[in-house]
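This report refers to the structure that appears directly beneath it.
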Amino acid sequence: MMDSSKREFFDRKAVGWDDRNHPDDTLKIRELIERFDLKPTDWILDVGTGNGVLLPYLSVKVKRGGRIFALDFSGRMISQAKSNNRKRNISFLNASVETLPIKDRIFDCITCFSMFAHVCDKKGSLREMSRVLKTGGRLYIVHPFGKKELAGHHKSAGGAVEHDTLPSDPAMKKMMRDCGFHDIRIINQPGLYWASAKR
């Protein structure tokens, strides 16, 4: 489970989070969204939505019949995301990825941008994401840093996120396979961490 100190950390920093942490990422995010295999009728779960930085780009891709569910364990982050994104096809959930309050096999796609390193129970969260994905559903875990850069970024941030890191590539692949994923692809390079898979 996410510990309370981490929730408090993100609650405190919720206002203006994306403006501070992703001020120059518009082009990068747009390019990432283009690499996601998204369909107009997809039901998408955006895990760790923060202030909703992906939502404007996802909502352009999702048309009639599709929906976006934005989830964050920080209540203040979800409040900011709601304020920033008022499209009718977006719903908001204040919950943890480690215990999703969602029925099985609901979503076509799960996006997880700039948050997986913060999850305490990574295998448990992958198991939960696998559970709510339809067969053939896609998972995208992305950070705008490589693993080494990301570790340094969190160390300098200090506090509750100081030790937040990503698993080694072999460990990540094994966890994903153990949780029912296949077609696993991992990219770790300066400026990008990408782990994608199918259910």
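The values are calculated or read from the model by the stated rules, or taken from the named source; none is laboratory data. As the structure is a computational prediction, the values presented were derived from the model and not from experiment. Please note: Cβ atoms are built from the backbone with ideal geometry, for glycine as well, and neighbour counts cover all protein chains shown. The accessibility values were calculated without ligands, DNA or RNA, using every heavy atom of the protein model including side chains. Shrake-Rupley method; radii C 1.70, N 1.55, O 1.52, S 1.80 Å.
Phe92 versus (1) surrounded by 16 or more Cβ atoms within 10 Å (Cβ to Cβ); (2) under 23 Å from Leu150 (Cβ atoms): which is the lone unmet condition?
Of the numbered conditions (1) surrounded by 16 or more Cβ atoms within 10 Å (Cβ to Cβ); (2) under 23 Å from Leu150 (Cβ atoms), the odd one out for Phe92 is (2).
Determine if region 129-140 includes at least one residue that is open to solvent by less than 40 Å² (accessible area, probe 1.4 Å), in a strand (DSSP E or B) and touching an Asp or Glu at 6+ places or on another chain (Cβ under 7 Å).
yes
Going through region 148-191 one residue at a time, which ones are within 20 Å of Asp25 (Cα to Cα), modelled with pLDDT of 95 or more and buried (at least 16 other Cβ atoms within 10 Å of the Cβ)?
Result: Asn188, single match.
Could you pull out the residue among Ser125, Ser130 that is touching a residue at least 12 places away in the same chain (Cβ under 8 Å), closer than 21 Å to Lys6 by Cα and not basic (Lys, Arg)?
That would be Ser125, the only listed residue that is touching a residue at least 12 places away in the same chain (Cβ under 8 Å), closer than 21 Å to Lys6 by Cα and not basic (Lys, Arg).
Looking at (1) surrounded by fewer than 19 Cβ atoms within 10 Å (Cβ to Cβ); (2) modelled with pLDDT under 95; (3) of a type in the set (A, V, I, L, M, F, W, C), which is the one condition that is false for Met115?
(1)
Residue check: is Val62 touching a Pro at 6+ places or on another chain (Cβ under 9 Å), under 18 Å from Tyr140 (Cα atoms) and surrounded by 20 or more Cβ atoms within 10 Å (Cβ to Cβ)?
Yes, satisfied.
Kindly state which strands (runs of 3 or more DSSP E) lie completely within region 20-112 and contain at least 2 residues that are without any contact (Cβ under 8 Å) to a residue 60 or more places away in the chain.
67-72, 90-94
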